[in-house]
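For reference, the structure is listed below as structure tokens.
The values are calculated or read from the model by the stated rules, or taken from the named source; none is laboratory data. Predicted, not measured: the structure shown is a model, and the values here were computed from it. No Cβ is skipped: glycine too gets one built from the backbone with ideal geometry, and neighbour counts run over all protein chains shown.
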Amino acid sequence: MKALTRRFFVRPAEQVARELIGTRIEVRSRPGSRVAALITETEAYLGRDDPASHAYRGRLHAGNASIYGAPGTWYVYRSYGIHWCANLVAGPAGSGAAVLLRGVLPLEGVMRMRRRRGRPDLPDRLLANGPGNLTQALAITRALDGWLMWESAALVGRGERDRLGPLRITPRVGITRAADWPLRFVVAPAGGG
């Protein structure tokens, strides 16, 4: 798979979030562990002027330094001390803008994802929905934080947008500040599958 270019990520976070829908993510956390999926849900965080962003008002500490990295840098943090959340930095370096990956549709390595989640009964469309379920299914951890996407174990490239249904734009979920901003982009598999 050919990874998306740096130019893709230099644009505003809301544009990157919208256009990541339908792209393919492949993760190889160790030899023989490759999984692949289509990205079906994202949220944009706009950086310094976004009250819901980890970069709001220029906040900087060891835990969020990667959000200020070059476009296409992975920013991975622990949410509520429980699960990892995977983001890709967008916009110019230093802006603090990023796109949270919230859901994927499994394509390859589905049984591996089921084992990682400990949920052999879940339908594919529910296996990696929600940012914590996504990182668990794809075996994404803080070890990915700070890596440029095209040099990392998790690559994002062109996908199969036609396999997915219509795009919906909604307010972001699971946050308290700027929760009404329409920066969540989500699709379902075509045919409701």
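When you check Asn87 against the structure, is it over 14 Å from Thr141 (Cα atoms) and within 18 Å of the chain's Cα centre (by Cα), yes or no?
On the way: over 14 Å from Thr141 (Cα atoms): no; within 18 Å of the chain's Cα centre (by Cα): yes.
For Asn87, the condition - over 14 Å from Thr141 (Cα atoms) and within 18 Å of the chain's Cα centre (by Cα) - is not met.
Residue by residue, here is whether (1) in contact (Cβ under 8 Å) with a residue 40 or more places away in the chain; (2) among the hydrophobic types (A, V, I, L, M, F, W, C); (3) in a strand (DSSP E or B); (4) within 12 Å of Arg142 (Cβ to Cβ) holds:
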position	(1), (2), (3), (4)
Leu60	no, yes, no, no
Ile67	no, yes, no, no
Arg78	yes, no, yes, yes
Leu100	yes, yes, yes, no
Gly103	yes, no, yes, no
Pro106	yes, no, yes, no
Arg112	yes, no, no, no
Checklist outcome for this item: Going through (1) at pLDDT 95 or above; (2) surrounded by fewer than 17 Cβ atoms within 10 Å (Cβ to Cβ); (3) not in a loop (DSSP other than H, G, I, E, B) one by one, Leu155 fails only at (2)
Checklist outcome for this item: Within region 24-50, the residues that are part of a loop (DSSP other than H, G, I, E, B) and either crowded, with 20+ Cβ neighbours inside 10 Å or touching a His at 6+ places or on another chain (Cβ under 8 Å) (or both) are Leu46, Gly47, Asp50
Next on the checklist: If I filter region 160-189 down to residues being at pLDDT below 90 and within 17 Å of Arg18 (Cα to Cα), which single residue comes out as surrounded by the most Cβ atoms within 10 Å (Cβ to Cβ)?
Outcome noted: Leu164
Checklist entry - Across region 114-151, which residue is modelled with the highest pLDDT among those that are over 17 Å from Glu26 (Cβ atoms), outside any helix (DSSP H, G or I) and not acidic (Asp, Glu)? => result Gly146
Checklist entry - If you go through region 37-51 one residue at a time, do you hit one that is out of contact with any strand residue (DSSP E or B) (no Cβ under 8 Å at 6 or more places or on another chain) and among the aromatic types (Phe, Trp, Tyr)? => result no
Item to check | Among (1) within 17 Å of Ala13 (Cα to Cα); (2) in contact with a helix residue (DSSP H, G or I) (Cβ under 6 Å, 6 or more places away or on another chain) - the single one Leu148 does not satisfy | outcome: (2)
Checklist entry - Within the bounds of region 19-34, is there any residue that is under 17 Å from Ser66 (Cβ atoms), in contact with a Phe, Trp or Tyr (Cβ under 9 Å, 6 or more places away or on another chain) and not aromatic (Phe, Trp, Tyr)? => result no
Item to check | All positions within region 69-96 that are among the small types (Gly, Ala, Ser), modelled with pLDDT of 95 or more, surrounded by fewer than 24 Cβ atoms within 10 Å (Cβ to Cβ) and touching a strand residue (DSSP E or B) at 6+ places or on another chain (Cβ under 7 Å) | outcome: Gly69, Ala70
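If the requirement is being hydrophobic (A, V, I, L, M, F, W, C), touching a strand residue (DSSP E or B) at 6+ places or on another chain (Cβ under 7 Å), without any contact (Cβ under 8 Å) to a residue 24 or more places away in the chain and farther than 18 Å from Ser53 by Cα, which of these qualifies: Leu134, Leu127, Leu164? Give the steps one after another, and end with the answer.
Values: Leu134 fails: without any contact (Cβ under 8 Å) to a residue 24 or more places away in the chain; Leu164 fails: without any contact (Cβ under 8 Å) to a residue 24 or more places away in the chain.
Just a single option satisfies the conditions, and that option is Leu127.
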